[in-house]
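Working notes, beginning with the structure itself.
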Amino acid sequence: MLTQVVIIGGGPSGMLLGQLLHKQGIETVVLERQTRDYVLSRIRAGILERGTVELMRQAGVAGRLDCECFIHDGTLLSFNNQCFQINFRKHTNSSVVVYGQTELTRDLYDDREAAGAKIIFEAQNVIIEDVERGSPKVNFNVNGQLQSIRCDFVAGCDGFHGVSRQTIPKSKRREFEKTYPFGWLGILSETPPVNEELVYAHSERGFALCSMRNRNLSRYYIQCSLSDKVKDWTDLNFWDELKRRIPESLADLLVVGPSVEKSIAPLRSLVTEPMQWGRLFLCGDAAHIVPPTGAKGLNTAVSDVYYLFQGLIRYYQDGESGDLEKYSERALSRVWKAERFSWWFTKLMHRFPDQSEFDQKMQQAEIFQLRDNANAQAVMAQNYVGLPY
Ligand code: APR
Ligand code: PHB
């Protein structure tokens with residue numbers, strides 16, 4: 001097989017890059033390790049920056065998103081029982097969009113299939129060769145058959161557990177990592193959201209978040225211990241704990257119901273440098289992870305896609321490789337800003353097991369600064385709605 005760009009991984013990064021390139025007449029093959037149903041059953045965050053929505057539009061895949069999304073002009077923060085708003089519109093003249101990442105990925109799959117562009121599911125044992133010189137070759141197995149594709153470039157969009165990052169020799173890459181001493185227990189329930197805007201709550205019992213997917217589908221999270229098991233958390237216990245962490249006025253309004261999904265995720269920050277090795281380019285979770293506080297995971301993946309797409313277009317349309325050579329530097333510059341924001345927001349809103357009373361007072365002072373200082377609110381709002389590309 002022969003193609004222009006092999007995209008490893010059919011998550012949102014790989015699929016969006018694929019559709020953008022396809023629209024410009026650049027041929028791609030997507031290799032996905034799982035089945036389509038498996039990919040579309042993964043529950044992920046649901047807040048899109050403006051830039052993410054714009055790129056979905058540019059890829060011609062924003063029809064359903066534009067119809068079904070909610071626009072949020074602000075978010076609530078609470079500290080113990082007190083609540084205040086960070087107004088995005090006032091501080092940035094912008095907003096964020098609520099639309100589930102799973103739905104966004106489904107739209108990308110539907111569009112790719114309608115366009116007849118190639119996706120190979122259940123591609124096993126992907127091996128990437130010859131990226132340092134000449135034309136790369138990607139080997140893989142499907143149904144026990146060995147296959148290979150020659151291409152101009154490889155986009156490594158295969159997430160944190162993928163093969164692309166590991167393909168870059170250890171001597172050529174560095175990883176910067178931080179793990180946090182807690183996780184998030186999340187549930188999805190077919191109940192109306194407790195509030196029109198998201199609520200990020202800092203409480204003495206730990207962090208909680210009230211989010212949503214649509215008018216009758218809510219997503220809630222509570223900070224939990226890393227040793228907690230999903231089976232030990234009944235729905236009843238979850239709702240009870242959530243109510244104790246959010247302001248009373250909201251707890252009184254909370255509509256509870258059976259969970260339709262429940263899972264625990266650890267929190268981590270990780271960045272790989274550089275994000276390029278020869279003709280292999282890393283995108284999204286393959287190169288970096290953020291803790292979910294602030295919902296930067298997908299949005300940062302999309303900014304990588306933006307820079308890589310620009311570089312590939314310049315190469316194929318103008319014969320210029322300068323933008324591709326600058327890919328890693330450009331992408332990383334924005335990645336580190338998103339990492340900083342996610343780390344700052346995580347540190348601010350969670351209870352750390354070894355936290356001293358002084359540390360708690362510092363968190364409280366910083367939250368009150370956000371409540372009282374318009375400049376602090378503006379910085380938070382700019383980061384939350386998404387920094388420019
Ligand atoms: N070969 C082929 N496909 C692979 C391989 C492999 N060796 N390893 C992983 N994959 C696939 C996974 O099955 C998954 O579908 O790559 C895809 C990677 O998708 P994501 O993990 O969703 O990563 P990405 O597309 O970069 O999306 C980033 O999604 O994971 C969230 O928090 C993250 O919101 C962020 C966004
Ligand atoms: C979600 O809706 O799942 C969500 C929203 C905001 C976050 C994290 C997750 O910061």
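The values are calculated or read from the model by the stated rules, or taken from the named source; none is laboratory data. Every value quoted in this text rests on a predicted model; they were computed, and no experiment measured them. Because the Cβ atoms are built from the backbone with ideal geometry, glycine has one as well, and the counts that use them run over all protein chains shown. Quick note on the areas: whole protein, heavy atoms, side chains included, nothing else; ligands and nucleic acids left out. Shrake-Rupley method; radii C 1.70, N 1.55, O 1.52, S 1.80 Å.
Here are some notes:
- For the stretch 1-149, the equivalent ellipsoid derived from the Cα gyration tensor has semi-axes of 36, 17, 15 Å, listed largest first.
- Solvent-accessible area, 1.4 Å probe, carbon plus sulfur percent, for the stretch 132-220: 41 percent
- Mean Cβ neighbour count within 10 Å, used as a protection proxy, ranking 344-352, 315-323 highest first: 344-352, 315-323
- The shape of the stretch 115-267 can be summarised by an equivalent ellipsoid whose semi-axes, obtained from the alpha carbon gyration tensor, come to 43, 19, 14 Å from longest to shortest.
- Note that the chain presents 43 Å² accessible area per residue, ligands and nucleic acids not counted, probe 1.4 Å.
- Rounded FRET efficiency, nearest 0.05, which uses the C-beta distance separating PHE84 from ARG215 and R0 of 25 Å: 0.50
- Antiparallel beta bridges, as assigned by DSSP with both residues in the chain, represent about 75 percent of the total such bridges.
- Calculated log₁₀ intensity ratio I(q)/I(0) where the Debye formula runs over C-alpha points of the chain, q = 0.06, 0.12 Å⁻¹: -0.24, -0.94
- Relative compactness, the stretch 89-171, computed as alpha-carbon Rg over 2.2 N^0.38 Å: 1.51
- The distance linking the stretch 174-223 with the stretch 338-389 is 16 Å (Cα centroid to Cα centroid, whole angstrom).
- Per-pair calculated FRET efficiency, R0 = 22 Å: SER41 and ALA265 via Cβ, rounded to 0.05: 0.90
- Principal-axis analysis of the Cα atoms of the chain puts helix 357-372 at an angle of about 80° to the longest axis.
- All other residues whose Cβ lies under 10 angstrom from that of ARG33 are scored, Lys and Arg at +1 and Asp and Glu at -1, for a net of -3.
- Taking Cα atoms only, the orientation of helix 235-245 departs from the longest principal axis of the chain by about 70 degrees.
- Cα gyration tensor category, rounded, prolate or oblate, for the stretch 301-389 with a/c compared to 1.5: prolate
- With Cα atoms, 0 to 90° folded angle of helix 101-115 axis to the chain main axis: 30 degrees
- Peptides 17-28, 122-133 ordered by packing proxy, namely the average of other Cβ atoms within 10 Å per residue, highest first: 17-28, 122-133.
- If only the Cβ of Lys and Arg carry +1 and only the Cβ of Asp and Glu carry -1, the dipole of the chain around its Cα centre is close to 440 debye.
- Antiparallel beta bridges, as assigned by DSSP with both residues in the stretch 13-119, represent about 85 percent of the total such bridges.
- Peptides 98-108, 357-367 ranked from most to least packed, by the mean per-residue count of other Cβ atoms within 10 Å: 98-108, 357-367.
- Local electrostatic count, SER94, Cβ distance below 13 Å [Lys/Arg +1, Asp/Glu -1]: 0
- Length released on extending from MET1 to ARG133, taking residue separation times 0.36 nm less the Cα-Cα span: 45.6 nm
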